[in-house]
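Written out below as structure tokens is the structure these notes cover.
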Amino acid sequence: MNKKFLHIILTAAVSLLGINALQAQTKLTIQVDKPGIEISPTMWGIFFEDINFAADGGLYAEMVKNRSFEFADPLMGWDLKEVNGGKGNILVVNRNLLNTGNQRYADINLENNKGTFEFINEGFRGMGFKSGEDYNLSMMAKVGTGNINLQIQAVNEAGAVIAQTAVEPFTKDWKTLTAKLKCTQNAAKGSLKLIFTGTGRVQVDMISLFPENTFKHRKNGLRADLAQKLADLHPGFMRFPGGCIVEGRDLANRYQWKKTVGNVSDRQLIINRWNTEFSYRSAPDYFQSFGLGFFDYFQLCEDIGAAPLPILNCGMACQFNSGEVISINQLDPFIQDALDLIEFANGGLNTKWGRLRADMGHPAPFNLKTIGIGNEQWGEQYLERYKLFAAAIHNKHPEVAMVTSAGPFSGGELFDYLNKALRAENAGLIDEHYYAPPEWFLRNANRYDKYSRDKTKIFAGEYAAHIKDDAQKDKHAESHNTWWAALCEAAFMTGLERNADVVNMASYAPLLAHVDAWQWRPDLIWFDNLRSVATPNYYVQQAFSANKGSEVVPVTDNGKALTGQDSLYSSSTIDRENGKLIIKVVNTSLTAKQVSFDLQGATVSGKDMQWMQLSDKDKLAFNSVDNPDAIKPVIRSVKWVANKPVNIEPLSVNVITLTLRKTK
């Protein structure tokens, strides 16, 4: 027979069988009978920082910007209009001797009873209103002289009224006034109007507007869709209030937790360090109201089942900015802040800070087990300060573990110095950060295979794959959250999971970003004033956190861990409580792979396996608020046949879950 003709026949036959004869198969041996490494309940978590308008204008559902006139420009975010002959003016009064938290209020003078005087707030890049939903307005006010009335309106982008109501009459003394707005239309970039009529003077402060539909339906709480996306990640922990935000550009503007608790109206606003950090993404209207404070962070952790991980300033400002440090002999107040925070979280009702927690609505302890000292600090000055914190916390609260800094880099002189020094101090958790190109994550999937198995563990506290700006020239802010970046992160995460005896915690960063007000990208969740979108990176994080398991089981190819051989990466765990075997396989190549599984020491109960897959043929594909479902998980049931190869799609993340047969 003609050889060419024979080749054509054989090729056709192979094609009909659905198998590429030229493609080698990978046989993964999974030693189900040899579970060894326990997976920490805090293995996969989330990192919250107030960057990209993540708090004010984001997770914190307050819709009014500069509600108490505390910005550097007291009327930033507000516009004044005299309509139909109305005439008036505003004087911002500072009462700092009486109130250091909320120093200012607005004194409005209406000079005649013609027309109206309008006071308009623009919100955070506009206000998002939803048709049929209620919005609750509150404000502190008192009348000075005359007779003044107030109408409240929500208006859309074109200025059309979509909700309105009246406010009860003013009184001579400060009083909190309330009103409810029910919207008749959607508006993505609406605004709030306060319409004054009459003559005289009135003083107003803490002008606030919240959606009634908040997470857990808490009054003046969190934006429901964003908080729900955090809950749907099934995080084992939540780190807060962030990274660089903890340090501040200088110590005067560092994050101080005690200024974020107690009465919301008394919390002292400060400039957000990301306000002018990047000249190309300057946000001069970015401040921290601390409406979202430490109590709220602890409560959110409890709501979503995450262990709280607060990070505190260690007496050092950001070393990339001012590099300012407090002298060692003045460090005691910083250390006391850490001790007092533990008391706030865990203390009894007979303690000062435990009593405050109870007064804020949570008599039971928050069960804080871990605290972070410093963010990305480095050098001898950090080590010196860490030792003092560690001595004080170990002495008074030996039950509380500490997270320490390995600096801002994943290697090099600064990293090596702290890694060695902190291990000598028997540090509990060393916080390693890596922002790097996607390919770095592929090369480092075996990073922890040869790490020391000593007492000190690793917290992969901040990581994300960053593509070059010129690789994705797209007008969408979300465009840097590419499928390729997410895929490479997944490959890296199999190495974290395989080494769960070394890595006890891991979190992607940053978490949230407003599409019209971001300073940093990529980010895990993007949002505008009405919508939010989970990125491909989000779904990768969810794939691991929702399918964590309790113990690692070895998965090998020819006796070796799968760390990129033939572009494949894998890890496997057992969920003992539910009797499940969970296999994760990542294919980073442009071709499909044939993979079979040899389960040693176990048999599968039933014939079906659950297969969750994330995939896309376009490496630069991404999800946006306009197209949120471009990449999302597909879950299906597939017939399980022992040792039969399965097709692992190109550029895919796969989570295969099998029910194990119980043994006597």
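Descriptive notes on the structure:
- Residue within segment 96-119 that is in contact (Cβ under 8 Å) with a residue 24 or more places away in the chain, touching a Ser or Thr at 6+ places or on another chain (Cβ under 6 Å) and in a strand (DSSP E or B) present: yes
- Put simply, of N321, N275, N329 the only residue that is assigned to a helix (DSSP H, G or I), over 20 Å from W257 (Cβ atoms) and assigned by TED's automatic domain parsing to the domain that holds V264 is N329.
- Condition broken by P398, with the remaining ones in (1) over 30 Å from G323 (Cα atoms); (2) under 27 Å from the mean Cα position of the chain (by Cα) satisfied: (2)
- Residue in segment 184-197 that is under 18 Å from D528 (Cβ atoms), surrounded by 15 or more Cβ atoms within 10 Å (Cβ to Cβ) and among the hydroxyl-bearing types (S, T, Y) present: yes
- A621 of a type in the set (A, V, I, L, M), closer than 30 Å to Y280 by Cβ and outside the structural domain of A227 (by TED's automatic domain parsing): yes
- Scanning segment 120-171 for residues that are part of a loop (DSSP other than H, G, I, E, B), of a type in the set (A, V, I, L, M, F, W, C) and either surrounded by 20 or more Cβ atoms within 10 Å (Cβ to Cβ) or modelled with pLDDT of 95 or more (or both) returns F124, A158, A160, F170.
- Qualifying residue in segment 578-601 (condition: in contact with an Asp or Glu (Cβ under 9 Å, 6 or more places away or on another chain), in a loop (DSSP other than H, G, I, E, B), in contact (Cβ under 8 Å) with a residue 24 or more places away in the chain and surrounded by 22 or more Cβ atoms within 10 Å (Cβ to Cβ)): no
- Listed by first and then second residue, the pairs with beta-carbon distance under 6 Å, at least 6 apart or on different chains, first residue in segment 280-309 and touching a residue at least 40 places away in the same chain (Cβ under 8 Å), second in a helix (DSSP H, G or I) and crowded, with 20+ Cβ neighbours inside 10 Å, are G291/V264; F294/W257; F294/T260; I304/L230; P308/F298; P308/C301.
- Search result, residues across segment 77-110 that are closer than 23 Å to Y286 by Cβ and of a type outside the set (A, V, I, L, M): G77, W78, D79, N94, N96, T100, G101, N102, Q103, R104, Y105
- All strands (runs of 3 or more DSSP E) inside segment 524-565 with 3 or more residues being touching a residue at least 24 places away in the same chain (Cβ under 8 Å) and within 25 Å of M63 (Cβ to Cβ): 525-527, 532-534
- Tally of residues being closer than 12 Å to V261 by Cα and not in a loop (DSSP other than H, G, I, E, B) across segment 359-370: 1
The values are calculated or read from the model by the stated rules, or taken from the named source; none is laboratory data. Owing to the predicted nature of the structure, the values given are computational and were not obtained by experimental measurement. Positions of Cβ are generated from backbone atoms using ideal geometry, with glycine treated the same way; all protein chains shown enter the neighbour counts.
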